[in-house]
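A.B. asks: First the structure, then my questions, so here it is.
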Amino acid sequence: MAKFLFTYRLTQHATTAIAPAEMLMGRRPRSLLDLTYPNINSRSTETTKTKKSHDKTAQVRNFNVGDSVYILSHNREAKWITGTLIKKIGPVSFVIGLNDGRTIKRHQNQIRHKYDQYSDNKLPDISEIPDIPIPVVSDNQADVETPSGSSDTSDNSKSVVKPTVETPRLTRTRKPPNRYGDFVYN
């Protein structure tokens, strides 16, 4: 009886053209016939969908021999150790020479590129940075003034002071709980 119901629920309905089990679960359950004669086309489209979604977030890691890298350390002294790639021993495995002379094998998931912090992005020269006036707030007034070089040279000790505005805190009236208030003792 169970086999009959299973095959009945896998067959397409005349009016909907979809099997009842497929309508219920949103996918076609696997039957013995599906295992005997698999549909290769649907399987290949599923794998390409999975590959496309993986490739959207995957990072391309290209390591070359001689690159300066950080490797994940398995001791408790330091988490990442610097080294140099010596040899590629597999598609994703490398031999790394550490700065202290040791050689270690690591998978590419345990290796990160070591970039020089000043090689790609040059820091701007100080002369290239424009002069921006710093606003000064006096204690007496809340108006913002911009300092000028010729106006007041004797008042160099002023610093930027932010005005403090006290906001009143809203408080609610609190009553103690009415425990046993409606209890009547006879």
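The values are calculated or read from the model by the stated rules, or taken from the named source; none is laboratory data. All values reported here derive from a predicted model rather than from experimental measurement. When we count neighbours, we look across all protein chains shown, and the Cβ atoms used for this are built from the backbone with ideal geometry, even at glycine. Just the protein is used for accessible areas: all its heavy atoms, side chains included, with ligands, DNA and RNA removed. Shrake-Rupley method; radii C 1.70, N 1.55, O 1.52, S 1.80 Å.
A.B. asks: Would you call residue 7 in a helix (DSSP H, G or I), in contact (Cβ under 8 Å) with a residue 24 or more places away in the chain and among the β-branched types (Val, Ile, Thr)?
C.D. replies: Against the criterion (in a helix (DSSP H, G or I), in contact (Cβ under 8 Å) with a residue 24 or more places away in the chain and among the β-branched types (Val, Ile, Thr)), residue 7 qualifies.
A.B. asks: Taking region 92-114 as the search range and keeping residues that are in a strand (DSSP E or B) and open to solvent by 80 Å² or more (accessible area, probe 1.4 Å), which one is modelled with the lowest pLDDT?
C.D. replies: So the residue we want is 112.
A.B. asks: Something else now. On the basis of being open to solvent by less than 80 Å² (accessible area, probe 1.4 Å), part of a helix (DSSP H, G or I) and either at negative phi or in contact (Cβ under 8 Å) with a residue 40 or more places away in the chain (or both), does residue 21 make the cut?
C.D. replies: yes
A.B. asks: What number of residues within region 24-66 satisfy the criterion of being of a type in the set (A, V, I, L, M, F, W, C) and open to solvent by less than 80 Å² (accessible area, probe 1.4 Å)?
C.D. replies: 2
A.B. asks: Here's a follow-up. Given the criteria at pLDDT below 85, small (Gly, Ala, Ser) and either open to solvent by less than 70 Å² (accessible area, probe 1.4 Å) or within 30 Å of residue 3 (Cβ to Cβ) (or both), does residue 14 qualify?
C.D. replies: no
A.B. asks: Taking residue 71 as meeting all but one of (1) surrounded by 11 or more Cβ atoms within 10 Å (Cβ to Cβ); (2) modelled with pLDDT of 85 or more; (3) under 22 Å from the mean Cα position of the chain (by Cα); (4) not in a strand (DSSP E or B), write down the number of the exception.
C.D. replies: Of everything listed in (1) surrounded by 11 or more Cβ atoms within 10 Å (Cβ to Cβ); (2) modelled with pLDDT of 85 or more; (3) under 22 Å from the mean Cα position of the chain (by Cα); (4) not in a strand (DSSP E or B), residue 71 misses just condition (4).
A.B. asks: While we're looking at this one, here's another question. Pairs needed: first member in region 89-111, free of Cβ contacts under 8 Å to residues at least 24 places away in the same chain; second member anywhere, in a loop (DSSP other than H, G, I, E, B) and surrounded by 13 or more Cβ atoms within 10 Å (Cβ to Cβ); C-beta distance under 6 Å; at least 6 residues apart or different chains.
C.D. replies: Close Cβ pairs (under 6 Å, with a partner that is in a loop (DSSP other than H, G, I, E, B) and surrounded by 13 or more Cβ atoms within 10 Å (Cβ to Cβ)) amount to 107/92.
A.B. asks: Quick check: is even one residue across region 33-49 touching a Phe, Trp or Tyr at 6+ places or on another chain (Cβ under 8 Å) and of a type in the set (Gly, Ala, Ser)?
C.D. replies: no
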